[in-house]
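Just so it is clear, none of the values below were taken in a lab; they were calculated from the coordinates. Fair warning: this is a prediction, and the values are worked out from it, not measured in the lab. FYI the Cβ positions are ideal-geometry reconstructions off the backbone, even for glycines, and counts take in every protein chain you see.
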Amino acid sequence: MMKNNVKNAKDLMSALNISTTRFYQFLNNGMPYHQIGHGRKYYILNEVEDWLHKTGYHQKKTWSK
């Protein structure tokens, strides 16, 4: 796994060019994340992009269905 592929929430929102609202919509709809114990969540960009495509999202300027 490449280190620059692992993102915190802020970096993921920036990489995907999405708002905080859209980020939480994705999270509530099952966006994959990882967590060690009760620590912060982190995201693997490739996993999230794969999930977006599999769930029917597409990207023009921002991700939408």
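With the Cα gyration tensor of segment 1-41 giving a ≥ b ≥ c as the square roots of its eigenvalues, does the rule (a/c under 1.5 for rounded; else a/b larger than b/c for prolate; else oblate) give rounded, prolate or oblate?
On the way: a/c = 1.98, a/b = 1.19, b/c = 1.67.
Note, shape of segment 1-41 comes out oblate.
Taking the C-alpha atoms of segment 20-65, how large are the radius of gyration and the largest Cα-Cα span, Dmax, in Å?
In order Rg, Dmax, the Cα atoms of segment 20-65 give 11.3, 36 Å.
Measure off 7 Å from each Cα along the Cα-to-Cβ vector at residue 51 and residue 29, then give the distance between these two points in nanometres to one decimal.
Between residue 51 and residue 29, the simple spin-label model gives 1.2 nm.
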